[in-house]
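First up is the structure itself, then whatever we jot down about it.
What follows is calculated from the coordinates using simple rules that are stated; it is not laboratory data. Only a predicted model underlies this, so the values are computations on that prediction, with no experimental measurement involved. Cβ coordinates were reconstructed from backbone atoms using ideal geometry, including for glycine residues, and neighbour counts include every protein chain displayed.
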Amino acid sequence: MNTLWLDILNSDWHDYRGSGRHEDRLLKDAWLINFLAPWRSSLNAKPLGKIRNALMELRSLLRRMIENYSVRRPIAKKDLDAFNEILRRSPVINKVACTGSDYLLKQEYRNPGIQALLSDIAASFTEILVSGEPERVKTCQNPDCLWIFYDNSKNHSRKWCENATGCGNLMKVRKHRARVKAGR
């Protein structure tokens, strides 16, 4: 599963340990440059501010969409229209290449740039909309975290983002300490 959509949603970071710290990683040049590395050749000479603004708009759109999708509410028509416009402007051309006896799907960009970046992220989210299971898209139950994740567990029982921040362990420790304190 392509997780570009999760990377963008989770770029709005909250300190899972409860300090109240919040960081919009899209505003951090180092984080943004690292995230943009796969598109570097197609984004050369594009101002970071313009790219950042486009990603922030897309993140807001994805947030609204995922909040509805994950609880099986219809996504607002205006949001679907905006999302489809991003997909419509995709500069991707799919080609099949033969390498010996194997075939590969290759993607090339016509007029690469910001639209290639946005459409790649939108396409990754489309995978979830089309073939995902809404009940598997969850928000970490640590109230200090708010990380979005896709629950790959067999019984759909995952509650915490665990892999990204260790919230599961932290919440279990907090629960244990609360029980011990209540027992005193």
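Of 128, 75, 66, which has the largest mean-square fluctuation in a 10 Å C-alpha GNM of the chain?
Fluctuation is largest for 75.
How about the range 1-70: which trypsin sites (Lys or Arg not before Pro) there are in a DSSP loop, with at most 13 other Cβ atoms within 10 Å of their Cβ?
Working: sites: 17, 21, 25, 28, 40, 50, 52, 59, 63, 64; in loops: 17, 21, 28.
Passing sites in the range 1-70 are 21.
Convex hull over the Cα atoms of the range 8-139, averaged projected area in nm²? Don't skip to the end; give the middle numbers.
Working: hull surface 42.3 nm².
Mean shadow area of the hull around the Cα atoms is 10.6 nm².
Give me the Kirkwood hydrodynamic radius of the range 11-70 in Å, from all C-alpha pairs, to one decimal place?
Numbers: mean 1/r = 0.0765 Å⁻¹.
Its Kirkwood hydrodynamic radius stands at 13.1 Å.
Debye calculation, C-alpha points only, no solvent: report log10 I(q)/I(0) for the range 95-161 at q = 0.23, 0.24 Å⁻¹, in the same order as the q values.
Ignoring solvent entirely, the Cα scatterers give -0.98, -1.01.
All other residues with a Cβ under 15 Å from the Cβ of residue 157 taken together, and with Lys, Arg as +1 and Asp, Glu as -1, what is their net charge? Before the final figure, lay out the partial values.
On the way: positive: 136, 138, 154, 158, 159, 172; negative: 133, 135, 151, 162.
Spelling it out: positives minus negatives among the neighbours equals +2.
Given labels modelled 7 Å from the Cα in the Cβ direction, how far is it in nm from residue 2 to residue 34?
Here the modelled spin labels are 2.2 nm apart.
For the chain, give me every cysteine whose Cβ has no other Cys Cβ within less than 4.7 Å, ordered by residue number.
98, 167
Just to verify a number: FRET efficiency for residue 180 and residue 159, C-beta to C-beta distance, R0 = 22 Å, to 0.05? Write out the running numbers ahead of the final one.
Numbers: r = 21 Å, r/R0 = 0.97.
It comes out at approximately 0.55.
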